[in-house]
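Please read the structure below before turning to the comments.
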Amino acid sequence: MTMQGIDISNWQAGLTIASIDPACRFIIVKATQGGSYVSPTMTGQADATLANGRLLGLYHYVDGSGAAAEAAHFAAAVAPYLGRAVLAIDWEAGSNRRWGDTAYLRDVCKAVTDCTGRTPLLYCSASALPAVRPVADALGMRLWVAQYANNNPTGWQEHPWDEGAYTCTVRQYSSAGRVTGYAGRLDLDIAYMDAGEWAALAGSTTPDTTTTTTAEEEDDMHCIIQINDDSALSYYDGVSLHTLTNPDQVTALNAVYKACTGKDIPMVHLGSKDAPYGTRFVEAIQA
């Protein structure tokens with residue numbers, strides 16, 4: 001079973017999704033790039049995709065600005081669509097200062113899974129597959145691969161050029177696609193799954209339930225602590241206590257925590273000068 005689809009971004013701001021050929025079953029929308037950019041058309045395109053009964057995907061373009069920050073930014077932007085959209089990480093050379101650094105790519109992908117509870121697709125060109133596939137295999141990710149026979153205009157293809165030369169879940173087979181309902185060029189994709197599998201992938205959680213449970217247990221202990229009325233604050237990560245030296249650190253920690261959990265990080269006032277329970281807490285975790 002296969003499905004035809006497209007991927008779009010702000011470059012297709014004028015596209016009216018309701019007018020697109022009904023043969024287009026899914027649309028993958030650019031959501032974010034780096035640690036701060038949100039596509040201005042993301043919400044409109046995503047909402048229109050769902051409203052028109054198409055399957056939705058949302059992708060993040062990696063720019064190498066910081067793995068944790070990129071993941072948290074993407075997670076925050078797509079939070080309203082979790083469970084309704086397949087997520088994807090776009091790994092390309094352009095505007096990517098960490099291109100070729102697969103350890104960085106692995107960090108981004110793992111952080112996105114940790115923050116969203118979903119395992120994203122991993123997009124790359126066919127030429128990058130030898131370096132990227134080990135990352136996908138290690139993290140249990142499916143591949144979305146780009147490879148074109150040429151740059152000539154084309155419509156939907158049931159069997160794209162070089163099909164079967166490698167395994168992938170989604171194949172982007174043209175950047176010069178022509179589809180009824182839009183006059184411009186489009187990226188054309190074929191998904192090797194049906195709508196039920198797409199929905200399962202959109203709602204899937206990280207497969208290692210033991211690791212997930214452990215992470216949730218640790219998250220229950222994450223907090224900002226004021227010990228014994230001291231003016232200084234500390235961050236407890238479930239294992240160690242870290243002294244904070246700048247108020248902006250609290251803001252940054254809360255932003256990442258909220259992106260990953262959907263709630264503010266707890267603030268705990270523990271003990272006082274007369275009843276130094278904070279000291280006892282420090283002694284307990286250092287024992």
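The values are calculated or read from the model by the stated rules, or taken from the named source; none is laboratory data. Because the structure is predicted, anything quoted here is derived from the model rather than measured. Backbone-built Cβ (ideal geometry, glycine too); neighbour counts: all protein chains shown. The accessibility values were calculated without ligands, DNA or RNA, using every heavy atom of the protein model including side chains. Shrake-Rupley method; radii C 1.70, N 1.55, O 1.52, S 1.80 Å.
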So what does Glu92 come to for accessible area, using a 1.4 Å probe and Å² rounded to 10? 60
Would you tell me the accessible area of Asp264, worked out with a 1.4 angstrom probe on the heavy atoms of the protein chains, in Å² to the nearest 10? 90
Please report the spacing between the Cα centers of region 45-83 and region 162-200 in Å, no decimals. 18
With viscosity set to 1.002 mPa s at 20 °C, what whole-number translational diffusion coefficient in µm²/s follows for the chain from Stokes-Einstein and a Kirkwood radius over Cα pairs? 104
Between Ile28, Ile227, Ile190, where does the largest GNM mean-square fluctuation fall for the chain, given springs only between Cα atoms within less than 10 Å? Ile227
If you add up the charges near Tyr192, with Lys and Arg at +1 and Asp and Glu at -1, over every other residue whose beta carbon is less than 13 angstrom from its beta carbon, what do you get? -2
Each label point is 7 Å from the Cα along the Cα-to-Cβ direction; what then is the distance between the points at Asp47 and Ser95, in nm? 2.4
Hey, can you grab everything whose amide H is under 5 Å from the amide H of Arg25? Only 5+ residues off in sequence or another chain; H modelled, so Pro and N-termini drop out. Gln4, Gly5
When the accessible area of the chain is computed with all protein chains present and a 1.4 Å probe, what percentage of it is carbon and sulfur? 52
Could you work out how much longer the chain between Asp264 and Ala252 gets when fully extended? Use 0.36 nm per residue separation minus the Cα distance between them, nm to one decimal. 3.2 nm
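If you take the square roots of the eigenvalues of the alpha-carbon gyration tensor of region 1-150 and sort them as a ≥ b ≥ c, do you get rounded (a/c under 1.5), prolate (a/b over b/c) or oblate?
It is prolate, given that a/c is not under 1.5 and a/b is the larger ratio.
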Quick one: grab the alpha carbon gyration tensor of region 144-186, order the square roots of its eigenvalues as a ≥ b ≥ c, and give me rounded if a/c is under 1.5, else prolate or oblate depending on whether a/b is larger than b/c. prolate
Expressed in nm to one decimal, what extension gain is obtained for the pair Asn151 and Asn10 from 0.36 nm per residue of sequence separation less their Cα-Cα distance? 48.6 nm
Output the antiparallel fraction of DSSP beta bridges having both residues in the chain, as a percent to the nearest 5. 35
Run the numbers on region 131-205 and let me know its relative contact order in percent, using alpha-carbon pairs under 8 Å that are six or more apart. 26
Interchain or long-range residues, amide H under 5 Å from Leu244's placed H: Leu233, Ser234, Tyr235
What accessible area per residue comes out for region 59-162, rounded to a whole number of Å², with a 1.4 Å probe? 41
Net charge near Thr180: determine it from the other residues with C-beta under 15 Å of the C-beta of Thr180, scoring Lys and Arg +1 and Asp and Glu -1. +3
Find the cysteines in the chain that fail to meet the 4.7 Å Cβ criterion with every other cysteine, and list them. Cys24, Cys109, Cys124, Cys168, Cys223
I need to check one value: relative contact order of the chain, counting alpha carbon pairs closer than 8 Å and at least 6 residues apart, in percent. 16
Report the one residue of Ala103, Tyr257, Gly196 whose Cα lies farthest in the direction of the positive end of the charge dipole of the chain (charges on C-beta: Lys and Arg +1, Asp and Glu -1; origin at the Cα centre). Gly196
Count charges around Gly35 for me, please; just the other residues with Cβ under 14 Å from its Cβ, Lys/Arg as +1, Asp/Glu as -1. -1
